[in-house]
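Note sheet for the following structure.
The values are calculated or read from the model by the stated rules, or taken from the named source; none is laboratory data. None of the values given here were measured: they were computed from a predicted structure. With ideal geometry, Cβ positions are generated from the backbone for all residues, glycine too; neighbour counts draw on all protein chains shown. Surface accessibility is based on the protein's heavy atoms, side chains included, excluding ligands, DNA and RNA. Shrake-Rupley method; radii C 1.70, N 1.55, O 1.52, S 1.80 Å.
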Amino acid sequence: MDYLKSALPSQIMSERGSNLVVINPGSANVRIGLASQDTPFNIPHCIARHTEQIPNFTVIDKMLNSTVTTQQHIDREKAYDVIAPLLKIPFLDEEGPSNSFPRKMGRVDGHNPHIIRKDLPFTWTNVYEEATNSSVSLEGTDSKEPNASERKFKEFICGEEALRISPTEPYCFCRPIRRGHLNISQHYSMQQVLDDLHTIWDWILIEKLHIPRNERNMYSAVLVMPETFDNREIKEILSLVLRELCFGSAVVHQEGLAAVFGNGLSTACVVNIGAQVTSLICIEDGGALPSTGKTLPFGGEDISRAFLWTQRQRQTWPPIHSDVFGKPIDLLVLNQLKETYCEVKEGEFDAVAVVHSYENKVPAGPHKTRLSALNVPPMGLFCPMLLTPDAYPPPPRTWFHDYEDMLEDTWHIDFSRRADMSDTFYPNVNGGLPMWESYPVFSTKPKKEEKVGLAEAITNCILSTGRIDIQRKLFCSIQLTGGVALTSGLIAAVEERVLHAIPPNEAIDTVEVLQSRANPTFVSWKGGAILGVLDLGRDAWISREDWIHNGVHVGSNRKYKDSYYLQAQAMCYMNS
């Protein structure tokens, strides 16, 4: 501890973080890097595998719903008309030019100062292996171009390159994590999901971090896990890291708690707006309050799809076929446009932009167009009907039957008395309730998604603490994380909408969103790096040998420790 007080923070991170890999998995991206780095690699969390069975590019995720029902369309129009007066813009069926609302025109080069705009079009990914031997031409000169018959497809392609594969190529595209859970379905088995996760992470470790498999026993891993993950999912990923990826030891920390450490705070209401899910949890004095956790089934990708819907409704989208479900590159385009142009501000907000279309190996086709109502899609966070989620059944939760608790000793709990209730949740399956509800200690731990807007969710999350002193503190300590937090004007909108959502009988009149010290996209990863380097509570670490031979060994001092109650011993370090 004397060393931590005397050494410079940068010195500690450099010395202790050089063999510590921090992994923060998300539905759309995985953030991974050495704790000694300033920022991690932010890699799209997807993989495309070459296949002989399917002739063209296929998205193997048949639960995605690519159509919007009539009722959803009506709900979207209603949501738009609810948002319109808030932004002081005309309703959807009103003619824009004939109204008296002020019109703001965005610059062609983008306006969000937080986003570095990538103006150049995407290029199709080369799906062929690089030629190892040059063929000799008749003239005796080396030719680096192999014959078409000699070309060999890459076995798999990860990250952004997987998103940019032409629809004519014989590849199956998969996302192993979706909506904050392992993407298990009848079309995508548990084993395949875990194999894909292993392949993606192994590829990043080798290609980006240059850590070969035979050296990983000298490295430790810090898993910064989203609150949405179930206990069984965490254990499977922990096994993946220690067994298949061969790390010498590992520890698991909670994403919301890591976000607080990443910003040098001790108390906050952490609102993590990810690509596909939004999670909230309150942290008090460095410890998470489990009963305050909430999950909202929407995120940045839903805003991007609402952006496309809005442009089509206003007839400003160019005449191109955009398929955000069947062509990942189209979603890449939408995300780029959303990040560049969308803001939360009053008045009609338009911009001139170049939209690129991508069709079957043909180079990108530019379409200069005027985009409109650019301030509407982000407001879907407060009015979720605008963000029509993809309809999908829940994963087979029978897989998550798991009474080997990683948090408490449950070996002697009698589950038989609950068997009569289990059919309500798992028909034709014997024994037990859904995993978290089967634990008496954590019976109140929320795992269900809520169908409310962001302002109501934040308000309910903080008020659920039940104490006026901590409520007042938390309403003035709201922390936005995730890429969507970079949206210009969002902070002011959250403060205003949350203040209006607080019931009048509550003695609270101030709401404040704290400015993030670090990039909100990476703040949880950074907090995980700090927690790992400071080595709080060494008994939370699990060695590879212990995990392989013992797993969660009840009664052992080295069993998995959850980070809910990790205390803020690092505050003096962070605030120095």
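In this structure, the amide hydrogen of ARG178, modeled 1.01 Å from its nitrogen in the peptide plane, lies closer than 5 angstrom to those of ASN183, counting only residues at least 5 positions away or on a different chain.
Order these peptides, 474-482, 357-365, 37-45, by their mean beta-carbon neighbour count within 10 angstrom, highest first.
Working: 474-482: 23.6, 357-365: 14.3, 37-45: 19.2.
In decreasing order of mean packing, 474-482, 357-365, 37-45 become 474-482, 37-45, 357-365.
Converting phi to 3J(HN,Hα) with the Karplus coefficients 6.51, -1.76 and 1.60 and the offset θ = phi - 60°, the stretch 485-501 yields 5, 7, 4, 4, x, 5, 4, 4, 5, 5, 4, 5, 5, 5, 4, 6, 7 Hz in sequence order, with x at every glycine or proline. Length gained on full extension, ILE548 to ASN360: 63.0 nm, using 0.36 nm per residue less the C-alpha separation. Separation of the stretch 172-194 from the stretch 295-311 is 21 Å, based on Cα centroids. Sequentially through the stretch 28-45, phi angles give Karplus couplings (6.51, -1.76, 1.60; θ = phi - 60°) of 9, 9, 10, 9, 9, x, 6, 4, 6, 6, 6, 9, x, 6, 10, 10, x, 8 Hz, Gly and Pro residues having no value and appearing as x. Once both labels are positioned 7 Å from their Cα atoms along Cα-to-Cβ, the gap between HIS367 and THR51 label points is 2.8 nm. The solvent-accessible area of ARG151, taken with every protein chain present and a 1.4 Å probe, is close to 110 Å².
Taking amide H positions as modeled 1.01 Å from N, with prolines and chain starts lacking one, the residues under 5 Å from PHE156 and 5 or more places away or on another chain are HIS50.
Think of each Lys and Arg Cβ as +1 and each Asp and Glu Cβ as -1; about the Cα centre, that makes the dipole of the stretch 297-341 roughly 160 debye.
For the stretch 229-376, what class follows from the C-alpha gyration tensor (a ≥ b ≥ c being the square roots of its eigenvalues): rounded when a/c is under 1.5, otherwise prolate if a/b is larger than b/c, else oblate?
Working: a/c = 3.08, a/b = 1.70, b/c = 1.82.
Verdict is oblate for the stretch 229-376.
For the stretch 170-265, the solvent-accessible area of protein heavy atoms averages 28 Å² per residue (probe radius 1.4 Å; ligands and nucleic acids excluded).
The packing ranking, built from the mean of other Cβ atoms within 10 Å per residue, places the peptides 241-254, 263-276 in the order 263-276, 241-254, highest first.
Karplus-based coupling profile of the stretch 250-255, in residue order and whole Hz: 7, 9, 10, 10, 7, 4, with θ = phi - 60° in 6.51 cos²θ - 1.76 cosθ + 1.60 and x standing for Gly or Pro. Accessible surface comparison of MET385, MET190, MET218, MET379, probe 1.4 Å, protein chains only, largest first: the order is MET218, MET385, MET190, MET379.
For SER357, the amide hydrogen comes within under 5 Å of the amide hydrogens of GLY365, HIS367, counting only partners 5 or more places away or on other chains and with H modelled in the peptide plane.
Can you give the local net charge around HIS210? Use residues other than it whose beta-carbon is closer than 15 angstrom to its beta-carbon, Lys and Arg +1, Asp and Glu -1. Display every interim value, and only then the final one.
On the way: positive: LYS208, ARG213, ARG216; negative: ASP202, GLU207, GLU215.
Overall, the nearby charge balance is 0.
Take the solvent-accessible surface of the protein heavy atoms, probe 1.4 Å, and return the percent of it on the stretch 193-339 that carbon and sulfur atoms account for. Don't skip to the answer; put the middle values down first.
Details: 1740 of 3760 Å².
The value for the stretch 193-339 is 46 percent carbon and sulfur by accessible area.
From most to least packed by mean Cβ count within 10 Å, the peptides 82-93, 289-300, 221-232 give 221-232, 289-300, 82-93. Which of LYS208/LYS526; LYS235/LYS294; LYS208/LYS368; LYS208/LYS294; LYS154/LYS361; LYS235/LYS526 have a Cα-Cα distance over 25 Å? Correct reply: LYS208/LYS368; LYS208/LYS294.
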